[in-house]
Amino acid sequence: MASQKKKLQGLVAATITPMTEHGEINFSVIGQYVDYLVEEQGVKNIFVNGTTGEGLSLSVSERRQVAEEWMTKGRNKLDQVVIHVGALSLKESQELARHAAEIGADGIAVIAPFFLKPWNKDVLINFLKEVAAAAPALPFYYYHIPALTGVKIRAEELLDGIQEKIPTFQGLKFSDTDLLDFGQCVDQNRERQFAFLFGVDEFCIQRFINFVLKLENLSQLKISKNQRSPLGTTHFPFPH
């Protein structure tokens, strides 16, 4: 079983992997990156070597080094470091999972293999199970991003009975636009205390824009009818 840790919740930053102009990993700025997240943004949970971090474009050696640097620089500053260990090769995923456990990561996440794709839920779970077993003390998260993997197995279907196969399973990073699927994941697993991380940033930005527009409309209603612009239209205090 996974060790009992504080539940992963709140904001989780999907970190980029800083590069030099020559395409080499710029390890020297990761310490500054940690301080920026913690001190400037108030974010203390991170997701390393995922899509934003271009983990699948890095070699296994580079992924190990990046994970080590985040763990070293984040010690006593970050609350949780989840390391994405997914790969096309099961052995590589297992190697990265064992390494994450060795360096003290707080959890691992795995993407579905997307070259020879799993064709049903059972095949996918068997792959995930093999990776999770390589780090049996770490919380395990499934990284659901069908636009990248082409694996269309619904997350809600995958979660049904998954802890019976993967006892360390603790949640899902949901990076898809199917909000019905996401809502069903949350609704049907309320008692299991899974962590559900929503990873489509564009949706969050759009919701923020909609919120601002609602505020604008409310402000419009409060403006006096005789406060008009030279064109005869109501003047909005918000820029258009």
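For the stretch 75-155, chymotrypsin sites (Phe, Trp or Tyr not before Pro) meeting the loop criterion (DSSP other than H, G, I, E, B) and having at most 16 other Cβ atoms within 10 Å: Phe114, Phe115, Trp119.
Between Ser28 and Asn126, the modelled label-to-label distance comes to 4.9 nm, taking each label 7 Å out from Cα in the direction of the beta carbon. The modelled label-to-label distance for the pair Phe115/Val60, using points 7 Å beyond Cα in the direction of Cβ, is 1.3 nm.
Only protein atoms count toward the accessible area here, which uses a 1.4 Å probe; on the stretch 1-156, the carbon and sulfur part of that area reaches 50 percent. Checking every one of the trypsin sites (Lys or Arg not before Pro) in the stretch 148-198 against DSSP loop status and a limit of 15 other Cβ atoms within 10 Å picks out Lys152.
Can you compute the FRET efficiency between Lys165 and Gln9 using 1/(1 + (r/R0)^6), with r the Cβ-Cβ distance and R0 = 30 Å? Round to the nearest 0.05. After rounding to 0.05, the efficiency reads 0.80.
The values are calculated or read from the model by the stated rules, or taken from the named source; none is laboratory data. Remember, it's a predicted structure, so these values are computed and weren't measured experimentally. Backbone-built Cβ (ideal geometry, glycine too); neighbour counts: all protein chains shown. The area values use the complete protein model at the heavy-atom level, side chains included, leaving out ligands, DNA and RNA. Shrake-Rupley method; radii C 1.70, N 1.55, O 1.52, S 1.80 Å.
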